[in-house]
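None of the figures in this text is laboratory data; all of them are computed from the coordinates on show. Treat the numbers as computed from the prediction; the structure is a model and nothing was measured. Virtual Cβ from ideal backbone geometry, glycine too; neighbours counted across all protein chains shown.
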Amino acid sequence: MDKIIEKAMDIRELTNELFDFSIANQEGSIELEEPATVEDAVGDYLSEFYGSLEENGYLINFDAIKWKEKKISIHTNFFSRILNNLLSNILKYADKDQEVIMAMIYKSHEVGISLENTIKESKKLSEKTGIGLMNVQMMMEKMNGRLEVIEKDSTFKVILWFKEER
């Protein structure tokens with residue numbers, strides 16, 4: 001019975017990824033929210049993300065989340081889907097005994113949201129379909145941003161880069 005439930009959840013996850021793919025792959029541009037400070041634009045989302053990780057027993061290092069008065073524009077539906085995708089990946093692949101590190105990175109014309117974790121020994125990234133991160137990349141591009149993925153040894157890090165708005 002556990003195996004059936006696990007497979008049903010895998011099918012559900014893949015269905016969600018395909019749905020996100022169809023949304024992100026639609027032609028045409030999207031309308032972004034009005035520029036807002038980083039905290040106003042994404043603060044509540046990151047707080048919920050933190051709460052979901054904590055609820056699932058993860059250790060979280062939130063010390064590098066520092067708010068500056070820089071402004072960004074997001075599409076709330078896309079940003080929510082991106083964080084849901086990244087949360088799902090962490091729940092599947094991250095080692096609960098190691099910290100998930102959340103950080104803000106500020107460059108001259110960009111603002112980055114960094115999420116870093118250690119990969120579980122038992123999970124192979126080759127088991128992934130790759131659709132999820134491809135969806136994140138497409139949604140970031142639709143929001144005039146970009147996705148950076150850094151994989152080194154057992155560490156996995158994504159940075160969501162947003163253009164700073166004036």
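Brief remarks follow.
- Structural descriptor for the stretch 35-166: relative contact order 26 percent, calculated from alpha carbon pairs under 8 angstrom and at least 6 residues apart.
- Fewest neighbouring Cβ atoms within 10 Å first, the residues 68, 157 line up as 68, 157.
- Segment residue 56-residue 110, extension gain: residue separation times 0.36 nm, minus the distance between their alpha carbons: 16.3 nm
- Length released on extending from residue 4 to residue 97, taking residue separation times 0.36 nm less the Cα-Cα span: 30.7 nm
- Anisotropy class of the stretch 73-116 from Cα gyration tensor, a/c 1.5 cut: oblate
- Fewest-first ordering of 115, 46 by other beta carbons within 10 Å of each residue's beta carbon gives 46, 115.
- Ordering 137-144, 58-65 by mean Cβ neighbour count within 10 Å, with the highest value first, yields 137-144, 58-65.
- Cut-off 11 Å between beta-carbons: net charge of the residues surrounding residue 71, Lys and Arg +1, Asp and Glu -1: -3
- Likely footprinting exposure, 166, 146, fewest C-beta neighbours within 10 Å first: 166, 146
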